[in-house]
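The values are calculated or read from the model by the stated rules, or taken from the named source; none is laboratory data. As the structure is a prediction and not an experimental result, all values here were calculated from the model. Virtual Cβ from ideal backbone geometry, glycine too; neighbours counted across all protein chains shown.
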Amino acid sequence: MVWAGAVVFVVAVGLVLLMVVRPSAASPSASGSGSGRSSAAPAEASADVGFARDMSVHHQQAVEMAFLVRDRTEDEDVRRLAYDIINTQANQRGMMLGWLESWGRPKSSERPPMKWMGHPATPDDGALMPGMATDTELERLRTAEGRDAEVLFLRLMTVHHRAGADMARAAAASAGTDEIGGLAAGMARAQESEISLMADMLKARNATP
């Protein structure tokens, strides 16, 4: 119940942040000035819209995996990492969905994932994009316990973060808005840092990435 309460609090904070940082239709300069990026709502086929939509899905699975491992281990380091992922990625997902709404863009699309990057993804066993865990892998995580759950989670999340960081770097380079440009750049740095942390955690468990 404590964890559930914390997540509710995080979501509430995220909603408050949305009101502060998401662009306002009444104020064209709300996204900031001096960066050379446009304050107009980005086009449907833009990197901004594609990234916000695709990374929201990517983050949703990361949060799901973090909840799964939280309930399958008593290891405080793994549980702390899981909480950090739930906290950060749920908040970021809320921000991206809020921007899509403020831009007047749907939160889902019939366009293939990652088409905005120039190489549309092909779903495989429930994995909609590179780095995402398959349905088979998620089922393994649901049934694993203790060290087995920790190692599987760390391996799956490492792959997840690598692909997420690649997507974030592409978005940071192509974004037409300050919102996506800044968020994507920070996201890439944070996920690279967590990849290094998870490598050390796997090593401590005599496991390889």
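Brief remarks follow.
- Residues of the range 164-187 that turn out to be surrounded by fewer than 18 Cβ atoms within 10 Å (Cβ to Cβ), aliphatic (A, V, I, L, M) and touching a residue at least 12 places away in the same chain (Cβ under 8 Å), as a count: 1
- Evaluation of Met157 against (1) out of contact with any helix residue (DSSP H, G or I) (no Cβ under 8 Å at 6 or more places or on another chain); (2) touching a residue at least 12 places away in the same chain (Cβ under 8 Å) (one fails), failing number: (1)
- Being among the small types (Gly, Ala, Ser), under 24 Å from Leu100 (Cβ atoms) and out of contact with any strand residue (DSSP E or B) (no Cβ under 6 Å at 6 or more places or on another chain) is a property that holds for Ala127.
- Listed here are the helices (runs of 4 or more DSSP H) enclosed by the range 107-209 that have at least 3 residues being under 13 Å from the mean Cα position of the chain (by Cα): 146-174, 178-204.
- Residue, nearest to the chain's Cα centre (by Cα), within the range 90-104, restricted to residues that are in a helix (DSSP H, G or I) and over 16 Å from Gly181 (Cα atoms): Ala90
- Single residue of Phe51, Phe67 found to be aromatic (Phe, Trp, Tyr), assigned to a helix (DSSP H, G or I), at pLDDT 95 or above and closer than 24 Å to Ala185 by Cβ: Phe51
- Candidates Ser46, Ser56, Ser102, filtered to the one that is modelled with pLDDT of 95 or more, of a type in the set (Ser, Thr, Tyr) and in contact with a Leu (Cβ under 6 Å, 6 or more places away or on another chain): Ser56
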